[in-house]
């Protein structure tokens, strides 16, 4: 039989540990709910902007850009996409590259969201992704055809907000796709980062004219 005093100690430890686990579980559940609400709001707001009849397309893209810049950690995503070449880039090249990256991605995502005009957006489940991030699964429900599955990799910030690090469309990571494409462009040019900058300028010009 466990001595009475020892039994009391054991019960106290169990109670303390149990309350700690419950507290941790509640915190995780709260953070996941907040991440889901963040993506739901982002999706709804983006569709609302691009579907407004009182805005011409360029004005809608500008308003979409405000949402995009607020929601995405653009410098971090841009650096990831450049990969190992970030270290060898000059400060001038980095600034020019990040600026072009942001403008290209803004146009790319605004056009993709515009394709979902008239559709509905649902943020669904949330699960941990790595040691710091969460992956929010969502879908665009189309009037014709099957829904489009989109995953959002988000990272909690110190101020309690979230930032998007990657968008996974039908199981294809946009960040990894960009990284592979950018690396191929630089490698084909003998390691010249300016070749990627030129390619992004050309891509931006094509998007804007199209």
Return only the number of the condition from (1) more than 15 Å from residue 42 (Cβ to Cβ); (2) over 14 Å from the mean Cα position of the chain (by Cα) that residue 175 does not satisfy. (2)
Yes/no for residue 101 being assigned to a helix (DSSP H, G or I) and either in contact (Cβ under 8 Å) with a residue 60 or more places away in the chain or over 22 Å from residue 170 (Cα atoms) (or both): yes
Checking residue 155 against (1) within 21 Å of residue 78 (Cβ to Cβ); (2) without any contact (Cβ under 8 Å) to a residue 60 or more places away in the chain; (3) touching a strand residue (DSSP E or B) at 6+ places or on another chain (Cβ under 8 Å): exactly one of these is not met. Which one? (2)
Out of 5, 112, 52, sole residue that is surrounded by 11 or more Cβ atoms within 10 Å (Cβ to Cβ), out of contact with any helix residue (DSSP H, G or I) (no Cβ under 9 Å at 6 or more places or on another chain), on the phi < 0 side of the Ramachandran plot and at pLDDT below 85: 112
The residue that is nearest to residue 178 (Cα to Cα), considering only those in the range 53-98 that are within 20 Å of the chain's Cα centre (by Cα) and outside any helix (DSSP H, G or I), is 83
Selection status of residue 126, outside any helix (DSSP H, G or I), in contact with a strand residue (DSSP E or B) (Cβ under 6 Å, 6 or more places away or on another chain) and closer than 25 Å to residue 84 by Cα: no
Assess whether residue 197 counts as being surrounded by 14 or more Cβ atoms within 10 Å (Cβ to Cβ), part of a helix (DSSP H, G or I) and in contact (Cβ under 8 Å) with a residue 60 or more places away in the chain. yes
Is it the case, given these coordinates, that residue 168 is touching a strand residue (DSSP E or B) at 6+ places or on another chain (Cβ under 6 Å), touching a residue at least 40 places away in the same chain (Cβ under 8 Å) and part of a strand (DSSP E or B)? no
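Residue-wise test of (1) within 18 Å of residue 156 (Cα to Cα); (2) touching a helix residue (DSSP H, G or I) at 6+ places or on another chain (Cβ under 8 Å); (3) crowded, with 20+ Cβ neighbours inside 10 Å.
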residue: 37; (1), (2), (3): yes, no, no
residue: 48; (1), (2), (3): no, no, no
residue: 70; (1), (2), (3): yes, no, no
residue: 82; (1), (2), (3): no, yes, yes
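The values are calculated or read from the model by the stated rules, or taken from the named source; none is laboratory data. Keep in mind it's a predicted model, so treat the numbers as computed, not measured. Backbone-built Cβ (ideal geometry, glycine too); neighbour counts: all protein chains shown.
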